[in-house]
1. Assuming 0.692 mPa s and 37 °C, estimate D for the range 118-176 with Stokes-Einstein, Rh taken as the Kirkwood radius over Cα pairs, in µm²/s.
2. Roughly how many nanometres apart are two label points built 7 Å out from the Cα toward the Cβ at THR178 and ARG135?
3. If you put +1 on each Lys and Arg Cβ and -1 on each Asp and Glu Cβ, how big is the dipole of the range 106-230 around its Cα centre, in Debye rounded to 20?
4. Once amide H atoms are placed 1.01 Å from N in the peptide plane, what residues at a sequence separation of 5 or more from TRP184, or on another chain, have their amide H within under 5 Å of its amide H?
5. Return ARG226, ARG202, ARG147 ranked ascending by Cβ neighbour count within 10 Å, so the fewest neighbours appear first.
6. Going by how many other Cβ atoms sit within 10 Å of their own, how do ASP172, ASP192 line up, fewest first?
7. When Lys and Arg each count +1 and Asp and Glu each count -1, what net charge do the other residues less than 14 Å away from ARG170, Cβ to Cβ, add up to?
8. Which order do THR23, THR178 fall in if you start with the one that has the fewest other Cβ atoms within 10 Å?
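Just so it is clear, none of the values below were taken in a lab; they were calculated from the coordinates. Since the structure is predicted, the reported quantities are computational estimates derived from the model, not experimental observations. Quick reminder, even Gly has a Cβ in these numbers, built from the backbone with ideal geometry, and neighbours come from all protein chains shown.
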Amino acid sequence: MLVATLFAGCWCGVLDGCAEERTVHVKRGASKFGLESPVGTETIMPDGTRVVVVDELPSRVSDADAQPIGSFIVPKPEYTAPPYSPAALQSPPKPKPRPVEELKLREELPNGTVVLRAVMPEHVVSHFSYALKNREYAPFYAQMLSREARAAYEGAGGEAAFSAWAEGNRKDLLAFITRIASGWNGALVVADRSAPMRLRYRLDRRTLPDIRFEIIEIENEAGGLRLAMVR
């Protein structure tokens, strides 16, 4: 199939007068004229038609985007990557972000193990309150006491000593931590640091004279926050 564009012009001979000139642009490889001929080759047919081999057929483009070859204008070729090349392949879709998982402060594993987590002081107090209300002291002792506090209890009887202390002061401890939990952001609780990695929360005894316990300290250790001391 001949793929070409036609341009009609006029040339004048001395004796023949004015005759029509036809110029045919043939894309290289589209016919016998352009099969092997280099771009710019011109062939005059018996009927006077001038055949010119081009790289691309002319199109309606502005002069700024075209370059002349001989007596015609060929647009600048736009080089695009073939569809099978890596450059032409679409980039793989970005992985969907994993949904934000809610921190499980308390998790009961299938084997019955209770896992406690605390990243805020409120979490430690919440775990302590749960342990007192449900008399579940073992998980709290194993996971929520600071290393220093656990070492002190280990020298005095370990978990049994801690459970005995918590059970013996259960009512007063519940009243104390209930006041602490309800006054985190109010005037009843004064917060400061007793050590670089230890937070201290103190109830204002002037407004709460009936509370036996006054101070709770929470240690920031590797893995989360832990209860350091209550007095």
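1. Values: Rh = 11.6 Å.
Answer from the Stokes-Einstein relation: 282 µm²/s.
2. Each label point is offset 7 Å from its Cα along the Cβ direction, giving 1.9 nm.
3. Working: 17 positive and 16 negative charges, 58 e Å.
Magnitude of the dipole: close to 280 debye.
4. Under 5 Å from the amide H of TRP184: no residue qualifies.
5. Listed from fewest to most nearby Cβ atoms, that is ARG147, ARG202, ARG226.
6. With the sparsest Cβ surroundings first, the list reads ASP192, ASP172.
7. +1
8. THR178, THR23
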